[in-house]
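Scroll down for the structure; my scribbles are underneath it.
Quick note: the coordinates plus some simple rules give every number you see, no bench work behind them. Every value quoted in this text rests on a predicted model; they were computed, and no experiment measured them. Quick reminder, even Gly has a Cβ in these numbers, built from the backbone with ideal geometry, and neighbours come from all protein chains shown.
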Amino acid sequence: MSRNKLVHFKENEEDPNVVQFGKPIFEIIKGNWNETQFQNDHPVVVEMACGNGEFTVGLAQNFPHHNFIGVDIKGSRIWKGSSKAKSGGITNVAFLRTQIELIDKSFAENEISELWITFPDPYPRDGDEKRRLTSPRFLKMYKPMLEKAGVIHFKTDNTGLFDYTLALFQNRTDIELIGYTHDFYQSEWKDDHFGIKTRYEKIFSDKGEKIKYLKCRFIG
């Protein structure tokens with residue numbers, strides 16, 4: 001492991017905006033994000049597989065009366081997001097370092113108001129369907145964590161993953177599809193995102209890839 005990584009991981013251990021295994025808060029955080037981490041009662045918004053945290057931090061800057069949590073397993077990515085939040089004096093953002101497959105261990109029923117799934121790995125092989133963050137396996141985890149009428153946002157450049165997700169959501173009786181587009185930057189929703197882009201979104205859009213987006217909520 002490089003010296004820089006060791007320094008970054010050490011900072012993650014010390015930074016109060018990072019929640020990870022080994023810290024006492026990690027064991028008690030489920031159901032207590034507002035009280036323990038943020039000390040307020042603002043709505044909680046979560047970004048899955050947040051990478052370097054650009055989107056999580058960008059949302060936090062634009063919505064100061066919401067609490068934002070970026071989730072990723074990579075310590076180096078978490079460090080980048082945490083550092084950006086600290087340098088900008090942004091206090092309504094935190095980062096959770098954990099495996100996505102264990103996300104339900106860190107959030108209680110009705111604890112999340114909105115969930116963002118931004119540019120996840122598409123896992124195109126049929127045998128990898130259960131690893132897709134929009135698969136039935138993960139939807140089963142998300143549903144109890146989201147408050148009633150809580151919104152799921154999904155953005156991707158991958159047409160195969162988007163079509164899979166759209167078809168899945170359209171055929172579920174417990175999901176209301178609010179809207180979707182195959183060309184986000186020509187859609188009615190683009191201004192709602194304040195121009196915030198993840199690193200991958202910048203790469204794909206610079207290459208001329210059309211960004212797909214949908215939003216939905218659980219019902220019933």
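At-a-glance table
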{"read-out": "Top-ranked residue of the stretch 178-220 - restricted to ones that are of a type in the set (Phe, Trp, Tyr) and outside any loop (DSSP other than H, G, I, E, B), ranked as farthest from the chain's Cα centre (by Cα)", "value": "TYR185"}
{"read-out": "Considering residues of the stretch 1-25 that are over 15 Å from ASN67 (Cα atoms), in contact (Cβ under 8 Å) with a residue 40 or more places away in the chain and among the hydrophobic types (A, V, I, L, M, F, W, C) only, the residue surrounded by the most Cβ atoms within 10 Å (Cβ to Cβ)", "value": "PHE9"}
{"read-out": "Some residue of the stretch 95-104 being surrounded by 20 or more Cβ atoms within 10 Å (Cβ to Cβ), under 18 Å from GLN61 (Cβ atoms) and in contact with a strand residue (DSSP E or B) (Cβ under 9 Å, 6 or more places away or on another chain)", "value": "yes"}
{"read-out": "Near pairs, Cβ below 8 angstrom, 6+ apart or cross-chain, from the stretch 108-126 (free of Cβ contacts under 8 Å to residues at least 60 places away in the same chain and of a type outside the set (Ser, Thr, Tyr)) to any residue that is part of a strand (DSSP E or B) and surrounded by fewer than 20 Cβ atoms within 10 Å (Cβ to Cβ)", "value": "ASN110/GLU147; ASN110/LYS148"}
{"read-out": "Residues (part of a helix (DSSP H, G or I) and hydrophobic (A, V, I, L, M, F, W, C)) located in the stretch 21-71", "value": "ILE25, PHE26, ILE28, TRP33, PHE38, PHE55, VAL57, LEU59, ALA60"}
{"read-out": "Every residue from the stretch 124-175 that is assigned to a helix (DSSP H, G or I) and polar (S, T, N, Q)", "value": "THR159, THR165, GLN170"}
{"read-out": "Number of the exception - HIS8 against (1) part of a helix (DSSP H, G or I); (2) within 23 Å of ASN110 (Cα to Cα)", "value": "(2)"}
